[in-house]
Amino acid sequence: MAIVTRFPPSPTGYLHLGGARTALFNYLLARKHGGRFILRIEDTDQARSTPEMTEAILEGMRWLGLEWDDGPYFQSERTALYNEYVDKLLETGHAYYCDCAPEAVEAMRERARAAGLKPKYDGRCRERGLGPGPGRVVRFKTPQSGKVVFEDMVKGTIAWDVTELDDFIVRRADGSPIYQLAVVVDDALMGVTHVLRGDDHQSNTPKQILLYQALDFPLPRFGHVPMILGPDKKKLSKRHGAMSVMAYKDMGFLPEAMVNYLARLGWAHGDDEIFCREELIAKFSVEGLGRSPSVFDLQKLTWVNSHHLKNATVERLTPPFVEQLALLGIRDPDEAFVRQVIPLYQPRAKTLREMAEAARSFFLPTEALSYDTKAIAAHLTSAARQHLQALSTRLATLEDFSIPSLEAAVGEYLNTVGQPFKAIAQPLRVALTGTTVSPGLFETMAVLGKARVLERLKCAIHLYPEEVSRGS
Ligand code: GLU
(Lines give C-alpha, C1' and ligand atoms only; values in the text may rest on other atoms or scores of the structure.)
Protein backbone atom coordinates (compact mmCIF):
# COMPACT_ATOMS: atom_id res chain seq x y z
CA MET A 1 0.00 0.00 0.00
CA ALA A 2 1.39 3.40 -0.94
CA ILE A 3 2.05 5.72 1.94
CA VAL A 4 0.12 8.98 1.97
CA THR A 5 0.99 11.69 4.49
CA ARG A 6 -0.18 15.22 4.92
CA PHE A 7 0.65 18.58 6.44
CA PRO A 8 -2.47 20.52 7.40
CA PRO A 9 -1.48 23.93 8.82
CA SER A 10 -4.04 26.43 10.03
CA PRO A 11 -3.16 29.76 8.37
CA THR A 12 -3.40 31.75 11.55
CA GLY A 13 0.33 32.44 11.74
CA TYR A 14 3.64 31.98 9.93
CA LEU A 15 5.24 28.61 9.32
CA HIS A 16 6.93 28.15 12.66
CA LEU A 17 9.67 25.76 13.68
CA GLY A 18 7.32 23.15 15.12
CA GLY A 19 5.07 23.17 12.06
CA ALA A 20 8.02 22.97 9.72
CA ARG A 21 9.37 19.98 11.59
CA THR A 22 5.99 18.22 11.41
CA ALA A 23 5.82 18.96 7.69
CA LEU A 24 9.35 17.66 7.25
CA PHE A 25 8.70 14.35 9.03
CA ASN A 26 5.62 13.75 6.89
CA TYR A 27 7.50 14.74 3.76
CA LEU A 28 10.37 12.39 4.60
CA LEU A 29 8.06 9.50 5.38
CA ALA A 30 6.27 9.88 2.05
CA ARG A 31 9.48 10.33 0.05
CA LYS A 32 11.20 7.42 1.72
CA HIS A 33 8.44 5.05 0.62
CA GLY A 34 7.74 6.63 -2.74
CA GLY A 35 4.36 7.79 -1.42
CA ARG A 36 2.45 11.06 -1.63
CA PHE A 37 2.66 14.13 0.57
CA ILE A 38 -0.46 16.32 0.71
CA LEU A 39 -0.72 19.97 1.70
CA ARG A 40 -4.04 21.05 3.11
CA ILE A 41 -4.84 24.49 4.48
CA GLU A 42 -7.15 24.22 7.48
CA ASP A 43 -8.84 27.58 7.20
CA THR A 44 -12.21 26.77 8.73
CA ASP A 45 -11.60 29.37 11.40
CA GLN A 46 -12.44 32.22 9.06
CA ALA A 47 -11.94 34.88 11.66
CA ARG A 48 -8.32 33.94 12.33
CA SER A 49 -7.21 32.63 8.92
CA THR A 50 -5.82 35.00 6.32
CA PRO A 51 -4.66 34.53 2.71
CA GLU A 52 -1.41 36.32 3.66
CA MET A 53 -0.65 33.66 6.24
CA THR A 54 -1.44 30.91 3.74
CA GLU A 55 1.03 32.52 1.34
CA ALA A 56 3.61 32.85 4.11
CA ILE A 57 3.27 29.17 4.97
CA LEU A 58 3.64 28.16 1.32
CA GLU A 59 6.69 30.41 1.07
CA GLY A 60 8.26 28.68 4.07
CA MET A 61 7.51 25.25 2.62
CA ARG A 62 9.03 26.23 -0.70
CA TRP A 63 12.11 27.67 0.94
CA LEU A 64 12.67 24.43 2.82
CA GLY A 65 12.08 22.49 -0.38
CA LEU A 66 9.18 20.51 1.08
CA GLU A 67 7.42 19.98 -2.22
CA TRP A 68 3.94 18.62 -1.89
CA ASP A 69 2.42 16.24 -4.41
CA ASP A 70 -1.19 17.26 -3.92
CA GLY A 71 -2.92 20.46 -2.95
CA PRO A 72 -2.94 22.87 -1.42
CA TYR A 73 -6.52 21.97 -0.58
CA PHE A 74 -8.55 24.53 1.31
CA GLN A 75 -11.00 23.37 3.92
CA SER A 76 -13.01 26.55 3.50
CA GLU A 77 -13.97 25.28 0.03
CA ARG A 78 -15.14 21.90 1.29
CA THR A 79 -17.94 22.78 3.70
CA ALA A 80 -20.62 21.00 1.64
CA LEU A 81 -18.59 17.82 1.77
CA TYR A 82 -18.21 17.94 5.55
CA ASN A 83 -21.93 18.53 5.88
CA GLU A 84 -22.66 15.41 3.87
CA TYR A 85 -20.79 13.44 6.47
CA VAL A 86 -22.41 15.22 9.39
CA ASP A 87 -25.75 14.30 7.82
CA LYS A 88 -24.56 10.74 7.52
CA LEU A 89 -23.72 10.68 11.22
CA LEU A 90 -27.21 12.03 11.97
CA GLU A 91 -28.83 9.41 9.73
CA THR A 92 -26.96 6.53 11.30
CA GLY A 93 -27.74 7.68 14.82
CA HIS A 94 -24.15 8.66 15.62
CA ALA A 95 -25.00 12.30 16.08
CA TYR A 96 -27.87 14.49 17.24
CA TYR A 97 -29.05 18.07 17.30
CA CYS A 98 -28.62 20.02 20.48
CA ASP A 99 -30.19 23.37 21.33
CA CYS A 100 -28.45 24.01 24.62
CA ALA A 101 -27.22 27.56 24.80
CA PRO A 102 -23.43 27.88 25.15
CA GLU A 103 -23.97 29.48 28.58
CA ALA A 104 -26.01 26.47 29.70
CA VAL A 105 -23.22 24.13 28.58
CA GLU A 106 -20.68 26.26 30.39
CA ALA A 107 -22.81 26.07 33.53
CA MET A 108 -22.89 22.24 33.25
CA ARG A 109 -19.14 22.22 33.00
CA GLU A 110 -18.85 24.53 35.94
CA ARG A 111 -21.04 22.29 38.08
CA ALA A 112 -18.95 19.25 37.11
CA ARG A 113 -15.75 21.10 37.98
CA ALA A 114 -17.21 22.14 41.34
CA ALA A 115 -18.07 18.49 42.06
CA GLY A 116 -14.51 17.49 41.23
CA LEU A 117 -15.60 15.80 37.99
CA LYS A 118 -14.37 16.21 34.44
CA PRO A 119 -16.08 19.26 32.87
CA LYS A 120 -18.34 17.83 30.19
CA TYR A 121 -21.53 18.47 28.30
CA ASP A 122 -24.04 16.21 30.06
CA GLY A 123 -25.73 14.79 26.95
CA ARG A 124 -29.18 16.08 27.84
CA CYS A 125 -30.23 16.46 24.17
CA ARG A 126 -29.12 12.95 23.24
CA GLU A 127 -32.53 11.38 23.29
CA ARG A 128 -34.67 14.42 22.58
CA GLY A 129 -34.85 13.67 18.86
CA LEU A 130 -34.49 17.31 17.89
CA GLY A 131 -34.41 18.26 14.21
CA PRO A 132 -32.49 21.10 12.57
CA GLY A 133 -33.23 24.62 13.67
CA PRO A 134 -31.64 27.97 14.36
CA GLY A 135 -29.04 27.94 17.07
CA ARG A 136 -28.73 24.15 17.02
CA VAL A 137 -25.39 22.44 16.89
CA VAL A 138 -24.78 18.80 15.97
CA ARG A 139 -23.05 16.68 18.57
CA PHE A 140 -21.37 13.33 18.20
CA LYS A 141 -22.84 10.56 20.29
CA THR A 142 -19.74 9.39 22.10
CA PRO A 143 -20.03 5.78 23.33
CA GLN A 144 -20.70 5.72 27.07
CA SER A 145 -18.29 3.01 27.99
CA GLY A 146 -15.19 1.34 26.63
CA LYS A 147 -11.76 2.40 25.60
CA VAL A 148 -10.20 3.80 22.47
CA VAL A 149 -6.88 2.06 22.06
CA PHE A 150 -4.37 2.75 19.34
CA GLU A 151 -0.80 1.91 18.54
CA ASP A 152 1.01 5.23 18.30
CA MET A 153 3.94 5.12 15.86
CA VAL A 154 6.04 7.14 18.28
CA LYS A 155 4.70 6.46 21.74
CA GLY A 156 3.48 2.90 21.60
CA THR A 157 0.07 1.82 22.89
CA ILE A 158 -2.20 4.64 23.96
CA ALA A 159 -5.55 3.95 25.61
CA TRP A 160 -8.32 6.45 26.39
CA ASP A 161 -11.33 5.75 28.46
CA VAL A 162 -14.30 7.15 26.52
CA THR A 163 -15.74 8.47 29.77
CA GLU A 164 -13.00 11.10 29.51
CA LEU A 165 -14.77 12.46 26.44
CA ASP A 166 -18.12 14.15 26.05
CA ASP A 167 -20.53 14.47 23.16
CA PHE A 168 -18.38 16.92 21.25
CA ILE A 169 -19.73 19.26 18.60
CA VAL A 170 -19.17 18.29 14.97
CA ARG A 171 -21.13 21.13 13.35
CA ARG A 172 -21.60 24.60 14.74
CA ALA A 173 -24.93 26.37 14.78
CA ASP A 174 -23.86 28.42 11.75
CA GLY A 175 -23.41 25.22 9.71
CA SER A 176 -19.61 25.21 9.79
CA PRO A 177 -17.80 21.99 10.65
CA ILE A 178 -15.56 21.52 13.66
CA TYR A 179 -11.89 20.63 13.16
CA GLN A 180 -12.34 17.04 14.41
CA LEU A 181 -14.90 16.26 11.75
CA ALA A 182 -13.22 18.10 8.87
CA VAL A 183 -9.84 16.53 9.55
CA VAL A 184 -11.28 13.01 9.63
CA VAL A 185 -13.31 13.46 6.44
CA ASP A 186 -10.33 14.98 4.65
CA ASP A 187 -7.78 12.45 5.81
CA ALA A 188 -10.10 9.58 4.92
CA LEU A 189 -11.13 10.90 1.50
CA MET A 190 -7.57 11.88 0.64
CA GLY A 191 -6.40 8.39 1.46
CA VAL A 192 -4.02 9.48 4.22
CA THR A 193 -2.36 6.40 5.67
CA HIS A 194 -0.04 7.99 8.25
CA VAL A 195 -0.78 10.97 10.49
CA LEU A 196 2.35 12.30 12.14
CA ARG A 197 1.74 15.40 14.22
CA GLY A 198 2.66 17.20 17.41
CA ASP A 199 1.56 15.59 20.64
CA ASP A 200 -0.52 18.65 21.42
CA HIS A 201 -3.02 16.82 19.18
CA GLN A 202 -2.83 13.54 21.05
CA SER A 203 -6.05 14.20 22.96
CA ASN A 204 -7.90 14.78 19.66
CA THR A 205 -6.99 11.36 18.34
CA PRO A 206 -9.53 9.30 20.35
CA LYS A 207 -12.35 11.58 19.17
CA GLN A 208 -11.14 11.26 15.62
CA ILE A 209 -10.88 7.49 15.87
CA LEU A 210 -14.49 7.35 17.05
CA LEU A 211 -15.50 9.43 14.04
CA TYR A 212 -13.57 7.14 11.68
CA GLN A 213 -15.40 4.18 13.14
CA ALA A 214 -18.80 5.84 13.00
CA LEU A 215 -18.25 6.81 9.37
CA ASP A 216 -16.87 3.41 8.44
CA PHE A 217 -13.54 4.81 7.27
CA PRO A 218 -10.38 2.72 7.50
CA LEU A 219 -8.08 4.05 10.23
CA PRO A 220 -4.73 5.62 9.38
CA ARG A 221 -1.75 5.09 11.66
CA PHE A 222 -1.16 7.89 14.13
CA GLY A 223 2.11 9.12 15.54
CA HIS A 224 2.53 11.95 18.03
CA VAL A 225 5.83 13.74 18.15
CA PRO A 226 6.83 15.45 21.42
CA MET A 227 6.96 19.21 21.43
CA ILE A 228 10.05 21.33 20.88
CA LEU A 229 11.23 23.04 24.05
CA GLY A 230 13.30 26.15 24.62
CA PRO A 231 16.61 25.97 26.52
CA ASP A 232 14.67 26.55 29.77
CA LYS A 233 12.70 23.34 29.06
CA LYS A 234 9.46 25.28 28.55
CA LYS A 235 7.47 24.93 25.33
CA LEU A 236 9.32 26.80 22.57
CA SER A 237 7.81 30.24 22.06
CA LYS A 238 8.64 33.75 20.93
CA ARG A 239 10.34 34.37 24.25
CA HIS A 240 13.09 32.00 23.12
CA GLY A 241 13.78 33.76 19.81
CA ALA A 242 12.47 33.74 16.28
CA MET A 243 9.73 31.18 15.69
CA SER A 244 9.05 31.81 12.02
CA VAL A 245 11.12 29.67 9.70
CA MET A 246 11.61 32.55 7.29
CA ALA A 247 13.27 34.61 10.03
CA TYR A 248 16.06 32.04 9.90
CA LYS A 249 16.45 32.68 6.19
CA ASP A 250 17.02 36.37 6.94
CA MET A 251 19.44 35.41 9.70
CA GLY A 252 21.57 33.71 7.06
CA PHE A 253 20.74 30.05 7.49
CA LEU A 254 20.62 27.73 4.51
CA PRO A 255 17.41 25.76 4.01
CA GLU A 256 19.40 22.52 3.79
CA ALA A 257 20.84 23.29 7.24
CA MET A 258 17.39 24.07 8.62
CA VAL A 259 16.06 20.81 7.22
CA ASN A 260 19.02 18.90 8.64
CA TYR A 261 18.67 20.51 12.05
CA LEU A 262 14.86 20.20 12.27
CA ALA A 263 15.07 16.54 11.32
CA ARG A 264 17.46 15.95 14.20
CA LEU A 265 15.09 17.71 16.61
CA GLY A 266 13.20 14.64 17.64
CA TRP A 267 14.66 12.11 15.25
CA ALA A 268 17.99 10.32 15.35
CA HIS A 269 19.99 7.95 13.21
CA GLY A 270 22.80 6.67 15.40
CA ASP A 271 25.17 9.51 16.19
CA ASP A 272 24.94 11.06 12.74
CA GLU A 273 24.49 14.82 12.73
CA ILE A 274 25.02 16.02 9.19
CA PHE A 275 22.63 14.87 6.52
CA CYS A 276 21.83 16.06 3.05
CA ARG A 277 18.25 15.71 1.85
CA GLU A 278 18.88 12.43 0.03
CA GLU A 279 20.41 10.91 3.15
CA LEU A 280 17.49 12.04 5.26
CA ILE A 281 15.07 10.46 2.83
CA ALA A 282 17.05 7.24 2.74
CA LYS A 283 17.58 7.03 6.49
CA PHE A 284 14.33 8.38 7.87
CA SER A 285 12.09 5.99 9.75
CA VAL A 286 9.42 6.45 12.40
CA GLU A 287 11.43 4.14 14.67
CA GLY A 288 14.06 6.90 14.89
CA LEU A 289 11.53 9.39 16.34
CA GLY A 290 12.15 10.04 20.02
CA ARG A 291 9.60 9.86 22.81
CA SER A 292 10.92 12.76 24.83
CA PRO A 293 10.83 16.43 23.90
CA SER A 294 13.83 17.98 22.20
CA VAL A 295 15.40 21.29 23.03
CA PHE A 296 15.96 23.93 20.38
CA ASP A 297 19.60 24.92 20.35
CA LEU A 298 20.58 27.87 18.18
CA GLN A 299 24.26 27.12 18.61
CA LYS A 300 23.85 23.68 17.21
CA LEU A 301 21.78 24.96 14.32
CA THR A 302 24.60 27.43 13.64
CA TRP A 303 27.14 24.63 13.73
CA VAL A 304 25.07 22.55 11.30
CA ASN A 305 24.76 25.61 9.10
CA SER A 306 28.51 26.22 8.97
CA HIS A 307 28.91 22.65 7.86
CA HIS A 308 26.48 23.03 4.99
CA LEU A 309 28.04 26.38 4.08
CA LYS A 310 31.45 24.79 3.80
CA ASN A 311 30.21 21.95 1.64
CA ALA A 312 28.11 24.04 -0.70
CA THR A 313 29.22 24.99 -4.19
CA VAL A 314 29.75 28.64 -5.03
CA GLU A 315 26.83 28.41 -7.48
CA ARG A 316 24.59 27.20 -4.68
CA LEU A 317 25.60 30.03 -2.36
CA THR A 318 25.48 32.86 -4.87
CA PRO A 319 21.71 33.63 -4.81
CA PRO A 320 21.27 33.59 -1.00
CA PHE A 321 24.54 35.49 -0.54
CA VAL A 322 23.33 38.17 -2.95
CA GLU A 323 20.09 38.37 -0.94
CA GLN A 324 22.08 38.87 2.24
CA LEU A 325 24.11 41.63 0.60
CA ALA A 326 20.84 43.28 -0.41
CA LEU A 327 19.74 43.24 3.24
CA LEU A 328 22.96 45.14 3.96
CA GLY A 329 22.18 47.69 1.28
CA ILE A 330 24.41 46.29 -1.48
CA ARG A 331 22.25 45.95 -4.57
CA ASP A 332 22.92 44.28 -7.91
CA PRO A 333 26.54 43.34 -7.34
CA ASP A 334 28.43 41.92 -10.29
CA GLU A 335 27.75 38.17 -10.15
CA ALA A 336 31.16 37.13 -11.43
CA PHE A 337 32.74 39.23 -8.69
CA VAL A 338 30.37 37.70 -6.10
CA ARG A 339 31.47 34.23 -7.16
CA GLN A 340 35.09 35.21 -6.53
CA VAL A 341 34.39 36.70 -3.12
CA ILE A 342 32.36 33.78 -1.74
CA PRO A 343 35.24 31.27 -1.48
CA LEU A 344 37.25 33.77 0.58
CA TYR A 345 34.65 33.68 3.36
CA GLN A 346 32.96 30.34 2.90
CA PRO A 347 35.40 28.22 4.95
CA ARG A 348 35.14 30.31 8.09
CA ALA A 349 31.61 31.71 8.20
CA LYS A 350 28.80 30.34 10.32
CA THR A 351 25.98 32.05 8.50
CA LEU A 352 25.42 33.79 5.19
CA ARG A 353 24.68 36.93 7.15
CA GLU A 354 28.08 36.78 8.81
CA MET A 355 29.70 36.16 5.42
CA ALA A 356 27.93 39.11 3.85
CA GLU A 357 28.81 41.40 6.74
CA ALA A 358 32.45 40.39 6.61
CA ALA A 359 32.60 40.67 2.83
CA ARG A 360 30.62 43.89 2.60
CA SER A 361 33.68 46.06 2.09
CA PHE A 362 34.47 44.21 -1.13
CA PHE A 363 31.33 45.60 -2.69
CA LEU A 364 31.57 49.20 -1.57
CA PRO A 365 32.93 51.85 -3.85
CA THR A 366 36.19 53.14 -2.41
CA GLU A 367 34.65 56.44 -1.34
CA ALA A 368 32.03 54.59 0.71
CA LEU A 369 34.49 52.35 2.57
CA SER A 370 34.41 52.97 6.26
CA TYR A 371 37.70 52.67 8.04
CA ASP A 372 38.14 51.49 11.57
CA THR A 373 39.62 54.47 13.43
CA LYS A 374 41.71 52.41 15.78
CA ALA A 375 43.08 50.33 12.92
CA ILE A 376 44.16 53.47 11.09
CA ALA A 377 45.84 54.96 14.12
CA ALA A 378 47.64 51.71 14.86
CA HIS A 379 48.69 50.67 11.38
CA LEU A 380 48.67 53.56 8.96
CA THR A 381 51.77 55.17 10.43
CA SER A 382 53.78 57.51 8.22
CA ALA A 383 56.35 54.76 7.62
CA ALA A 384 53.59 52.39 6.62
CA ARG A 385 52.08 54.94 4.29
CA GLN A 386 55.44 55.34 2.56
CA HIS A 387 55.59 51.59 2.02
CA LEU A 388 52.08 51.56 0.67
CA GLN A 389 52.91 54.41 -1.69
CA ALA A 390 55.99 52.65 -3.01
CA LEU A 391 54.17 49.35 -3.30
CA SER A 392 51.31 51.01 -5.08
CA THR A 393 53.71 52.39 -7.71
CA ARG A 394 55.00 48.86 -8.29
CA LEU A 395 51.59 47.29 -8.44
CA ALA A 396 50.50 49.86 -10.98
CA THR A 397 52.90 48.31 -13.48
CA LEU A 398 51.98 44.71 -12.62
CA GLU A 399 49.98 43.15 -15.41
CA ASP A 400 49.24 39.81 -13.84
CA PHE A 401 47.20 40.25 -10.66
CA SER A 402 47.13 36.59 -9.77
CA ILE A 403 48.08 35.37 -6.28
CA PRO A 404 51.57 34.07 -7.27
CA SER A 405 52.35 37.20 -9.22
CA LEU A 406 51.23 39.43 -6.32
CA GLU A 407 53.26 37.37 -3.88
CA ALA A 408 56.33 37.78 -6.06
CA ALA A 409 55.85 41.52 -6.48
CA VAL A 410 55.34 42.18 -2.78
CA GLY A 411 58.24 39.82 -1.93
CA GLU A 412 60.55 41.72 -4.28
CA TYR A 413 59.55 45.02 -2.79
CA LEU A 414 60.20 43.81 0.74
CA ASN A 415 63.60 42.48 -0.33
CA THR A 416 64.54 45.78 -1.83
CA VAL A 417 63.70 47.70 1.32
CA GLY A 418 64.92 44.97 3.65
CA GLN A 419 61.61 44.69 5.54
CA PRO A 420 59.70 41.66 6.80
CA PHE A 421 56.19 40.92 5.55
CA LYS A 422 54.68 42.11 8.78
CA ALA A 423 55.88 45.67 8.11
CA ILE A 424 53.23 45.97 5.47
CA ALA A 425 50.71 43.19 6.13
CA GLN A 426 48.36 45.00 8.49
CA PRO A 427 48.69 48.43 6.84
CA LEU A 428 47.84 46.79 3.55
CA ARG A 429 44.88 44.98 5.06
CA VAL A 430 43.52 48.13 6.67
CA ALA A 431 44.02 50.06 3.44
CA LEU A 432 42.20 47.48 1.36
CA THR A 433 39.31 46.52 3.62
CA GLY A 434 39.09 49.20 6.30
CA THR A 435 39.67 46.64 9.06
CA THR A 436 42.40 44.43 10.48
CA VAL A 437 40.51 41.23 9.73
CA SER A 438 40.27 39.83 6.25
CA PRO A 439 40.93 36.65 4.34
CA GLY A 440 44.49 36.07 3.06
CA LEU A 441 45.98 39.30 1.76
CA PHE A 442 47.01 38.02 -1.63
CA GLU A 443 43.64 36.37 -2.20
CA THR A 444 41.96 39.60 -1.17
CA MET A 445 44.08 41.61 -3.59
CA ALA A 446 43.58 39.14 -6.42
CA VAL A 447 39.83 39.18 -5.98
CA LEU A 448 39.58 42.95 -5.55
CA GLY A 449 41.55 43.35 -8.76
CA LYS A 450 44.07 45.93 -9.79
CA ALA A 451 41.81 48.94 -10.19
CA ARG A 452 40.17 48.60 -6.79
CA VAL A 453 43.47 47.82 -5.04
CA LEU A 454 45.17 50.92 -6.43
CA GLU A 455 42.18 53.09 -5.69
CA ARG A 456 41.93 51.88 -2.11
CA LEU A 457 45.67 52.27 -1.52
CA LYS A 458 45.54 55.80 -2.80
CA CYS A 459 42.59 56.61 -0.59
CA ALA A 460 44.18 55.07 2.53
CA ILE A 461 47.54 56.76 2.00
CA HIS A 462 45.85 60.13 2.05
CA LEU A 463 43.52 59.32 4.86
CA TYR A 464 44.07 60.95 8.24
CA PRO A 465 42.72 59.41 11.41
CA GLU A 466 40.26 62.31 11.78
CA GLU A 467 38.86 61.59 8.39
CA VAL A 468 37.54 58.16 9.08
CA SER A 469 34.14 56.75 8.47
CA ARG A 470 33.38 58.60 5.33
CA GLY A 471 30.33 57.40 3.55
CA SER A 472 28.51 54.59 5.29
N1 GLU B 1 -4.75 22.32 11.54
C2 GLU B 1 -4.19 21.58 12.63
C3 GLU B 1 -3.01 22.36 13.17
O4 GLU B 1 -2.51 23.23 12.49
C5 GLU B 1 -3.75 20.22 12.12
C6 GLU B 1 -3.70 19.17 13.14
C7 GLU B 1 -3.51 17.78 12.53
O8 GLU B 1 -2.40 17.48 12.08
O9 GLU B 1 -4.48 17.06 12.49
O10 GLU B 1 -2.58 22.15 14.27
Average projection area in nm² (convex hull over Cα atoms of the range 195-248, one quarter of hull surface): 5.1
Determine Rg/Rh for the range 219-291; Rg is computed over alpha-carbon atoms and Rh is the Kirkwood hydrodynamic estimate from the same atoms. 0.99
State the percent of C-alpha pairs, over all pairs in the range 26-129, separated by a distance greater than 17 angstrom. 71
List the residues whose amide H sits under 5 Å from the amide H of Asp43, counting only those 5 or more places along or on another chain, with H placed 1.01 Å from N in the peptide plane. Gln75, Ser76
Taking a Cβ-Cβ separation under 4.7 Å as the criterion for a possible partner, which cysteines of the chain have none? Cys100, Cys276, Cys459
Please give me the summed charge of the neighbours of Cys276: other residues whose Cβ is under 11 Å from its Cβ, Lys and Arg +1, Asp and Glu -1. -1
Is the C-alpha gyration tensor of the chain telling us rounded, prolate or oblate? Criteria: a/c under 1.5 is rounded; beyond that, a/b larger than b/c is prolate, otherwise oblate. prolate
Rolling a 1.4 angstrom probe over the protein heavy atoms, how many square angstrom per residue are accessible across the chain? 46
Can you order the peptides 205-212, 392-399 by their average number of other Cβ atoms within 10 Å per residue, highest first? 205-212, 392-399
Burial order of peptide ranges 144-157, 433-446 (average beta-carbon count within 10 Å, highest first): 433-446, 144-157
Could you give the Stokes-Einstein D for the range 347-472 in µm² per second, using the C-alpha Kirkwood radius, 25 °C, 0.890 mPa s? 166
Whether the range 362-421 is rounded, prolate or oblate, judged on the alpha carbon gyration tensor where a/c under 1.5 counts as rounded: oblate
Determine the principal axes of the Cα atoms in the range 81-159, then give the extent along each, sorted from largest to smallest and rounded to whole angstroms. 44, 39, 20
Tell me the carbon and sulfur percent of the accessible area for the range 310-449, rounded to whole percent, probe radius 1.4 Å. 53
DSSP-defined antiparallel bridges as percent of all bridges, the chain, nearest 5: 55
Which percent, to the nearest 5, of DSSP beta bridges fully inside the range 1-160 are antiparallel? 55
Ordering of 98-104, 414-420 by burial proxy (mean other Cβ atoms within 10 Å per residue, highest first): 98-104, 414-420
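The values are calculated or read from the model by the stated rules, or taken from the named source; none is laboratory data. Predicted model, so just to flag it, every value in this text is computed and none were measured. Because the Cβ atoms are built from the backbone with ideal geometry, glycine has one as well, and the counts that use them run over all protein chains shown. For the accessible areas, the whole protein counts, side chains as well, though only heavy atoms, and no ligand, DNA or RNA atoms are used. Shrake-Rupley method; radii C 1.70, N 1.55, O 1.52, S 1.80 Å.
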